[in-house]
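The values are calculated or read from the model by the stated rules, or taken from the named source; none is laboratory data. None of these values were measured; they are calculated from a predicted model. Because the Cβ atoms are built from the backbone with ideal geometry, glycine has one as well, and the counts that use them run over all protein chains shown. Note: accessible area is taken over every heavy atom of the protein model, side chains too, but ligands, DNA and RNA are not part of it. Shrake-Rupley method; radii C 1.70, N 1.55, O 1.52, S 1.80 Å.
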Amino acid sequence: MYGGPYHFNSVQEVFMSILRSKNVNIWLLAILVVYALVALVAPRGYGLATFGNLGQALLQAVAVAAFLLNAKLAGKHRRAFWVCLAMGGALWFAGQCMWVYYEVILKLPVPNPFSADILFFLHTVPLIAATTLQPHAELTGDDHHFRLGYFDFAMLLVWWVFIYGYIVGPWQYVELDERTFGSRYNFLYLAENLFVIAAFGVLWLRTNRSWRRVYGRLFLTYAVYASSSYVLNVAIDNHVYYTGSIYDIPLVAAILLQAYTALFALRTPLEQEPALISVASQNSWHGRLAAAAVISMPLFAFWDALAESTPDSIQHFRLLLTLACMLLLMLLLFFKQSLLEGKLISLLQESRNSYDDLQRIQGQLVQTEKLASIGRLVAGAAHEINNPLTAILGYSDLLIEDNQLAAEQLDMAQKIRQQARRTKQLVQNFLTFATQAPMRMRPLDFNLVVANGLQLQELDSGHKDVKSVRRLPDSPVVVNGDENHLLQMCVHIFNNAAEAMVGAHGRGVLTVSLEVNETHAVLKCRDTGPGVAEPGRIFDPFYTTKAVGKGTGLGLSACYGIVRDHGGLIGCTNLPGGGALFEVTLPLATGQPLSSIAVAHSGAR
């Protein structure tokens, strides 16, 4: 068992060495000539029977191995085609081994009817399945289609077993009648082989290039086999056949043609061609044939019930056979239907998810347009507000510089200037947040950005019951980044925490801290809300726990992208006592003097 791959690779190397030989066709022809000479010259007896049985079994094993090698080297879709051919050859090989057991080991004549006759009959069923696979075309089918194909093949096999048992079986298993069995078996087997020949003939005529040559060789192979097997079976019924006789020469030729076709496919680049029918049409036809197989069985039983000349024992056998095969087919149909329903439910779920995603995208587009309009409105309003603010600041500075003012008037002027500066900084924060600009990395004070983000969050009237606790360092924290994008990231995180607390309890405490180590700045945002249901998915696009229309699930995903673009990390965990913790880690701008930071500090906090 452990040496399986090694042995298979050895077989592959042997076949590939054979393919490199330019005389492979001559060798196959020489084998046929030698077999024909022995069949014509050698006398009938045990030696000829041994030579004929072992020779046919060995050659058939070579053909099966060649088909399997094609299956190993082919893609998934083409592999099924070569596996079906190998299965047909394997059933033929199994029947031939039973001939070897009787005539070579037991040294007994093979009886007629023979128990291996059903193996020879059923070996054509995988060939029929192979003709429907269209290996010349790369069909776009997934594993689901291949699983359905297994059920279709099983139903096809059951139906042919039923046909064999109904037409031939009574005279093999119920009332032994060699002549009736022989005539019915020969007729049914010939009809089955003619179906295979016709199918490969259609493929041969409707394809081109390399695959047409493959189909043509398979057509010739099974045409030779069908004619030789029919003549051989008639000879068996007339008691003139013996193993190794001239009747076996065309049979051996068919076996060699199998091997030659497989070897030809191995050494010939098989080009892709258009499919004769689509995967949907192919599956539809398979389903119709399966339904026809189920419907046909009661019709056979009904026909047999009307035949008054049929013996009761045969009618009873056919009735039991029909019920058993119908039960098997219904079980296969049930499992196939279950598989289809599972796939349908999966597709419906995927469609629903896609529809929900489209709705979210549509909502996001509308929201983006609204934000863009609000941004333009804020920019215009801020510009208009800045003009009188500048005048207020100018006049307040003049008043403060006037030495003739009383102490009470000077205090009022200083308060006016302080509030005007605060208003001006607030307007500047609005402009920074609303402006959508390309990312420009430069040294900045991350401490100031966090403070400005908290200021914008506190202005939200919907968060008035949320208390903010700041734990920010007194000195600047210098990082390389884009002020606008980092401010948006902070506002998104703070608003997300505030909304979670308001939605759960109506109030809460938002604790924002900024810690600094030797290489990084760590922003921590703690809330007293209900926590996050799936912390591992919180930064996924379109993931949201809010009601429909309340959020698109893109805010935290955008934060993840901003932090990643800054070379940092962002994470989310649930706290043991309740609430969630967001951590943002950004690398410090090492070696950067504070004087290069182009951020105003006055009036920020």
For this session: Among the numbered conditions (1) outside any loop (DSSP other than H, G, I, E, B); (2) at pLDDT 80 or above; (3) buried (at least 16 other Cβ atoms within 10 Å of the Cβ), tell me where LEU556 comes up short.
Result: (2)
For this session: Scan (1) open to solvent by 50 Å² or more (accessible area, probe 1.4 Å); (2) touching a residue at least 24 places away in the same chain (Cβ under 8 Å); (3) small (Gly, Ala, Ser) for the single condition SER351 breaks and write down its number.
Result: (2)
For this session: Could you list all residues from the range 262-286 that are more than 14 Å from ARG78 (Cβ to Cβ) and at pLDDT 85 or above?
Result: LEU263, PHE264
Problem set entry | Pair list, Cβ under 8 Å, 6 or more apart: the range 201-212 residue more than 11 Å from PRO274 (Cβ to Cβ), other residue among the β-branched types (Val, Ile, Thr) and not in a helix (DSSP H, G or I) | SER210/THR268
For this session: Evaluate the range 100-110: report whether one residue or more is touching a residue at least 60 places away in the same chain (Cβ under 8 Å) and open to solvent by 40 Å² or more (accessible area, probe 1.4 Å).
Result: yes
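Considering only residues of the range 171-188 that are out of contact with any helix residue (DSSP H, G or I) (no Cβ under 6 Å at 6 or more places or on another chain) and in contact (Cβ under 8 Å) with a residue 40 or more places away in the chain, which is surrounded by the most Cβ atoms within 10 Å (Cβ to Cβ)?
Of everything passing the filter in the range 171-188, TYR185 is surrounded by the most Cβ atoms within 10 Å (Cβ to Cβ).
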For this session: Taking only the range 454-494 into account, find how many residues are aliphatic (A, V, I, L, M), more than 14 Å from LEU514 (Cα to Cα) and open to solvent by 30 Å² or more (accessible area, probe 1.4 Å).
Result: 1
For this session: Could you look through the range 213-227, keep only residues that are in contact (Cβ under 8 Å) with a residue 40 or more places away in the chain and of a type in the set (A, V, I, L, M), and pick out the one that is surrounded by the most Cβ atoms within 10 Å (Cβ to Cβ)?
Result: LEU218
Exercise. Considering the range 230-258 alone, what residues qualify as being assigned to a helix (DSSP H, G or I), open to solvent by less than 10 Å² (accessible area, probe 1.4 Å) and either in contact with a Leu (Cβ under 7 Å, 6 or more places away or on another chain) or of a type in the set (Asp, Glu) (or both)?
Worked result: ASP248, VAL252, ILE255
Problem set entry | ALA413 vs. criteria more than 23 Å from ILE570 (Cα to Cα), within 48 Å of the chain's Cα centre (by Cα) and either at pLDDT 75 or above or part of a helix (DSSP H, G or I) (or both) | no
Seminar exercise, completed: Per the filter on the range 297-317, residues at pLDDT below 85, assigned to a helix (DSSP H, G or I) and among the small types (Gly, Ala, Ser) are ALA301, ALA305
